[in-house]
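Heads up: the structure comes next, in structure tokens.
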Amino acid sequence: MKSVCVIGLGYIGLPTASLFANAGFKVKGVDAKEHVVEMVNSGRNHIQEVGLRTMVEAAISSGQLSASLEPACSDAFIIAVPTPFGPNKEPDLSHVFAAARKIIPLLEVGNLVVVESTVPPGTTEKVAEVIAAERPDLVADPARPVASLQVHVAHCPERVLPGRILKELVENDRVIGGLNAESTECAVDLYKRIVSGTIYSTDATTAEMVKLSENTFRDVNISLVNELAIICEKLGISVWEVIELANKHPRVKMLTPGPGVGGHCIAVDPWFIVSEFPEDSNLIKAARLRNDAMPALVVERVKKLVAGIASPVIACLGASYKGNVGDARNSPAIEIYEKLLALYGEKGEVRINDMYVDEKDLPLVSLREVIEKADLVLVLVDHFEYRALDPLEIAKKVRRKVVFDTRNTLNHERWRAAGFAVHVLGSGVRATAPKG
Ligand SMILES: NC(=O)c1ccc[n+]([C@@H]2O[C@H](COP(=O)([O-])OP(=O)(O)OC[C@H]3O[C@@H](n4cnc5c(N)ncnc54)[C@H](O)[C@@H]3O)[C@@H](O)[C@H]2O)c1
């Protein structure tokens with residue numbers, strides 16, 4: 001294989017296209033958005049990711065990568081378009097099938113089609129069914145259209161972490177599942193050219209379920225510690241101490257509570273299982289609902305912390321869905337900010353800062369502006385910059401020295417020493433002193 005066409009030049013598609021281009025493939029990157037195509041063709045990246053700019057520049061200047069609104073004939077096609085959920089949390093696969101329909105007229109015998117987007121079980125097979133239905137010339141036996149399709153079709157899910165995408169695309173182990181053994185082998189051969197981690201072969205449905213299971217595992221485990229955080233608050237103890245001590249058990253590894261779960265994966269993918277198997281996924285659904293309820297819980301605590309202030313000024317620190325990245329998709333921080341804005345936007349002021357996020361629709365302000373005369377410093381994201389804040393300096397600028405740390409990220413001793421009342425998510429105040 002010498003040429004690859006990558007459909008969707010986002011967080012996954014653009015790094016993947018650049019890696020293949022820099023590995024010597026002729027790569028056509030395709031995106032539905034004109035500005036994305038223009039930026040990539042001028043050697044610039046439209047998403048912020050460590051090392052990506054250099055990779056895109058190199059791929060474009062070598063002539064190995066070019067971007068376009070339309071796909072071109074290639075040996076392999078990789079679909080890396082979004083897979084959000086719809087209004088009832090059902091998977092929205094419209095982008096996947098729109099991308100598939102664009103490449104179907106270009107397919108030739110022996111080509112490979114890879115679904116890299118995260119999809120519900122059975123989707124890769126449905127893509128093959130659409131190919132077989134629209135291109136009977138690629139079907140060897142009309143009685144078995146998918147089985148006899150002369151195009152290879154496989155699923156190759158991603159498990160990268162924003163902020164480390166380029167490193168993890170190469171180094172992480174991968175799972176690849178084809179519709180048949182030849183499809184799997186063909187896709188493994190392609191990915192071997194850019195992946196240094198181990199590639200595990202399986203079938204397409206297993207590969208789809210592996211990806212969904214990974215994110216569901218994290219979601220369920222986060223919901224567990226979030227639930228414990230609520231219980232510990234009521235008990236007047238710290239969930240952080242409980243987790244630290246519980247994790248001394250050799251076979252316990254609890255995750256970290258927080259103000260909610262966001263991003264394009266963990267907050268979305270478990271619904272793909274729930275929507276297909278509603279009767280059998282009570283635990284997964286309960287976990288999703290628990291995590292989705294966290295922003296409202298944070299807002300309830302904020303209401304108590306600003307009760308009695310006529311025009312409260314609230315300084316929200318952080319907008320992204322996790323620390324040290326600019327990705328704000330499905331961010332609980334933004335949900336909390338918007339809920340607070342609805343409550344206090346008129347009679348008070350709610351401001352938001354994030355040094356990583358670049359969102360046109362969000363009125364982000366500088367760190368200096370966000371805390372000016374604030375009645376509450378509300379830490380929503382564990383960016384390094386917030387951890388490094390000097391509470392003595394902040395104390396000079398705020399109106400009331402109250403901080404609510406929903407990520408347990410600040411050095412609370414230093415903030416207390418600077419005169420702040422420190423409140424931490426999952427940490428309750430004991431009504432009476434413990435005995436002994
Ligand atoms: N971002 C992550 O960290 C991550 C990790 C693992 C898996 N995934 C999965 O990878 C897939 C892609 O995610 P992403 O984060 O790269 O999305 P993204 O939103 O960053 O990028 C998707 C790109 O596809 C383009 N697009 C949409 N429909 C198109 C079409 N029909 N033709 C051409 N271009 C089209 C969009 O304009 C956009 O630029 C999703 O299924 C996601 O769940 C993402």
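Going residue by residue through the stretch 1-8, is there one that turns out to be crowded, with 24+ Cβ neighbours inside 10 Å and within 6 Å of the ligand (Cβ to nearest atom)?
Yes; the residues of the stretch 1-8 include at least one that is crowded, with 24+ Cβ neighbours inside 10 Å and within 6 Å of the ligand (Cβ to nearest atom).
For the stretch 9-47, give me the residue count where each residue is within 21 Å of residue 151 (Cα to Cα) and surrounded by fewer than 19 Cβ atoms within 10 Å (Cβ to Cβ).
Looking only at that region, the number is 1.
For the stretch 370-379, check the following and say yes or no: at least one residue is over 29 Å from residue 291 (Cα atoms), in the same structural domain as residue 312 (by TED's automatic domain parsing) and in a loop (DSSP other than H, G, I, E, B).
Yes, the stretch 370-379 has at least one match.
How about the stretch 304-322: which of its residues are surrounded by 18 or more Cβ atoms within 10 Å (Cβ to Cβ) and either of a type in the set (D, E, K, R) or not in a strand (DSSP E or B) (or both)?
Hits for the stretch 304-322 are 305, 306, 312, 318, 319, 320, 321, 322.
Any residue in the stretch 326-353 that is under 22 Å from residue 304 (Cβ atoms) sitting within a Cβ distance under 6 Å of a residue that is of a type in the set (S, T, N, Q)? List the pairs, counting only those 6 or more apart or interchain.
From residues that are under 22 Å from residue 304 (Cβ atoms), the pairs are 347/311; 348/311.
Can you pull out the residues in the stretch 86-100 that are near the ligand (Cβ under 8 Å from one of its atoms) and under 19 Å from residue 281 (Cα atoms)?
none
Can you tell me which residues in the stretch 20-57 are touching a strand residue (DSSP E or B) at 6+ places or on another chain (Cβ under 9 Å), outside any loop (DSSP other than H, G, I, E, B) and away from the ligand (no atom under 11 Å from the Cβ)?
Within the stretch 20-57, 20, 21, 22, 26, 27, 28, 38, 41, 56 qualify.
Return the residues of the stretch 170-208 that are surrounded by fewer than 22 Cβ atoms within 10 Å (Cβ to Cβ), touching a residue at least 40 places away in the same chain (Cβ under 8 Å) and either part of a helix (DSSP H, G or I) or touching a Lys or Arg at 6+ places or on another chain (Cβ under 8 Å) (or both); say none if nothing qualifies.
170, 189, 205
Just checking, how many residues over the stretch 248-266 are touching a helix residue (DSSP H, G or I) at 6+ places or on another chain (Cβ under 7 Å) and within 16 Å of the ligand (Cβ to nearest atom)?
4
Go through 324, 353 for me and flag whichever is touching a helix residue (DSSP H, G or I) at 6+ places or on another chain (Cβ under 7 Å) and modelled with pLDDT of 95 or more.
353
Considering only residues that are among the polar types (S, T, N, Q) and within 11 Å of the ligand (Cβ to nearest atom), which ones fall in the stretch 58-72?
Once the filter is applied, which keeps residues that are among the polar types (S, T, N, Q) and within 11 Å of the ligand (Cβ to nearest atom), the stretch 58-72 yields only 68.
Inside the stretch 214-244, can you point out the residues that are touching a residue at least 40 places away in the same chain (Cβ under 8 Å), under 18 Å from residue 276 (Cα atoms), surrounded by fewer than 22 Cβ atoms within 10 Å (Cβ to Cβ) and within 16 Å of the ligand (Cβ to nearest atom)?
Within the stretch 214-244, 214 is the sole residue that qualifies.
Could you please give the count of residues in the stretch 73-85 that are closer than 25 Å to residue 1 by Cα and within 11 Å of the ligand (Cβ to nearest atom)?
Final tally of qualifying residues: 4.
Considering the stretch 380-393 alone, what residues qualify as being over 24 Å from residue 295 (Cβ atoms) and of a type in the set (A, V, I, L, M)?
388, 392
Going by what's in this entry, would residue 377 be described as touching a strand residue (DSSP E or B) at 6+ places or on another chain (Cβ under 6 Å) and closer than 13 Å to residue 415 by Cα?
yes
For residues in the stretch 326-351 being away from the ligand (no atom under 16 Å from the Cβ) and within 21 Å of the chain's Cα centre (by Cα), which is nearest to residue 288 (Cα to Cα)?
332
Would the stretch 250-270 turn up any residue that is part of a helix (DSSP H, G or I) and under 24 Å from residue 93 (Cβ atoms)?
yes
Among the residues of the stretch 107-130 satisfying the criterion of being hydrophobic (A, V, I, L, M, F, W, C) and out of contact with any strand residue (DSSP E or B) (no Cβ under 8 Å at 6 or more places or on another chain), which is farthest from the ligand (Cβ to nearest atom)?
109
Conditions first: (1) of a type outside the set (Val, Ile, Thr); (2) under 22 Å from the mean Cα position of the chain (by Cα); (3) over 30 Å from residue 291 (Cα atoms). Residue 209 passes all but one, so which condition is the exception?
So the condition that residue 209 fails would be (3).
Restricting the first residue to the stretch 407-424 and requiring it to be within 14 Å of residue 393 (Cα to Cα), which pairs with a second residue that is among the β-branched types (Val, Ile, Thr) meet a Cβ separation below 6 Å and a spacing of at least six or different chains?
415/403; 415/422; 416/422; 420/403
The values are calculated or read from the model by the stated rules, or taken from the named source; none is laboratory data. Please read all numbers here as calculations on a predicted model, not as lab measurements. No Cβ is skipped: glycine too gets one built from the backbone with ideal geometry, and neighbour counts run over all protein chains shown.
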